[in-house]
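*Asks:* First the structure, which I've put down as structure tokens, then a few questions once you've had a look.
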Amino acid sequence: GNSVTQMEGPVTLSEEAFLTINCTYTATGYPSLFWYVQYPGEGLQLLLKATKADDKGSNKGFEATYRKETTSFHLEKGSVQVSDSAVYFCALRYNFNKFYFGSGTKLNVKP
Amino acid sequence: DSGVTQTPKHLITATGQRVTLRCSPRSGDLSVYWYQQSLDQGLQFLIQYYNGEERAKGNILERFSAQQFPDLHSELNLSSLELGDSALYFCASSEREASGANNEQFFGPGTRLTVL
């Protein structure tokens, strides 16, 4: 079946540190891949997406590359800020409309 | 503010009861999606409606049902509630039917359901 596995948190970093949140997926066919961010007390917001192999999604300094050979979509940012503290969800969209989300990774950035 | 509204914000009820959660999509959006976020199951897609018709079904229990009305607002009905139904329920909306690359979903703030 389809599933998404992402690294468990919380991840605690100092400001300006490099961030990697790992995400791997299992799917048949060719899913689209997404990263969503959830700030405290809010709903999810789309952060970035990639729809085919080797695509790189980027937004607000975050990047992720769709790697079909390793079935991965790791989220990276070169220099995190305190305002990046949130929960990050990796997700895949399969069969037109069905979404599968990872369990979420909480990021704490300390000044 | 995503433009998606959900009511109520919090709901506390007892086992065996029935509740209705309401969602109003962004202006102009025809698709509504429901998700359940719980500590043990994570975020799960439940169901999608487009312009009043069911379009996709995820891990939605038979005790749960949803509908989308002519004014495009949607309701999620949860019946015979169990302790394990305690969760945050999110609604999302998008402009079109298919969740394509340019058909972003906008999430509401959620309804927190507590079943005692």
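The values are calculated or read from the model by the stated rules, or taken from the named source; none is laboratory data. Quick caveat: nothing in here was measured; it's all calculated off a predicted structure. Note that we place each Cβ from the backbone using ideal geometry, even for glycine, and neighbour counts take in every protein chain shown. The protein model used for the area step is the full one, side chains on, heavy atoms only, and it has no ligands, DNA or RNA in it. Shrake-Rupley method; radii C 1.70, N 1.55, O 1.52, S 1.80 Å.
*Asks:* Step by step: first the residues of segment A:58-102, then only those that are away from every other protein chain (no Cβ under 14 Å) and touching a Cys at 6+ places or on another chain (Cβ under 8 Å), then the one that is most open to solvent (accessible area, probe 1.4 Å). Which residue is that?
*Replies:* So the residue we want is A:His74.
*Asks:* Which of the residues that make up segment A:3-19 are more than 14 Å from A:Val87 (Cβ to Cβ) and at pLDDT 95 or above?
*Replies:* A:Leu13, A:Ser14, A:Glu15, A:Glu16, A:Ala17, A:Phe18 - these are the residues of segment A:3-19 that are more than 14 Å from A:Val87 (Cβ to Cβ) and at pLDDT 95 or above.
*Asks:* Would you mention how many residues in segment B:45-56 are of a type outside the set (S, T, N, Q) and open to solvent by 30 Å² or more (accessible area, probe 1.4 Å)?
*Replies:* Result for segment B:45-56: 5.
*Asks:* Go through (1) in contact (Cβ under 8 Å) with a residue 24 or more places away in the chain; (2) farther than 25 Å from B:Gly110 by Cα; (3) in contact with a Gly (Cβ under 6 Å, 6 or more places away or on another chain) one by one and return the number of the condition A:Val87 breaks.
*Replies:* Here A:Val87 meets the rest and fails (2).
*Asks:* Filter segment B:57-85 down to the residues that are open to solvent by 40 Å² or more (accessible area, probe 1.4 Å) and over 14 Å from B:Tyr33 (Cα atoms) and list them by number.
*Replies:* Those that are open to solvent by 40 Å² or more (accessible area, probe 1.4 Å) and over 14 Å from B:Tyr33 (Cα atoms): B:Leu61, B:Glu62, B:Arg63, B:Pro70, B:Asp71, B:Ser80, B:Glu82, B:Leu83, B:Gly84.
*Asks:* Among the residues that make up segment A:13-28, is at least one of them surrounded by fewer than 16 Cβ atoms within 10 Å (Cβ to Cβ), out of contact with any His (no Cβ under 8 Å at 6 or more places or on another chain), within 14 Å of chain B (Cβ to nearest Cβ) and assigned to a loop (DSSP other than H, G, I, E, B)?
*Replies:* No; the residues of segment A:13-28 include none that is surrounded by fewer than 16 Cβ atoms within 10 Å (Cβ to Cβ), out of contact with any His (no Cβ under 8 Å at 6 or more places or on another chain), within 14 Å of chain B (Cβ to nearest Cβ) and assigned to a loop (DSSP other than H, G, I, E, B).
*Asks:* If A:Arg67 satisfies all but one of (1) in contact with a strand residue (DSSP E or B) (Cβ under 8 Å, 6 or more places away or on another chain); (2) basic (Lys, Arg); (3) more than 19 Å from B:Phe45 (Cα to Cα), what's the number of the condition it fails?
*Replies:* Answer for A:Arg67: the failing condition is (1).
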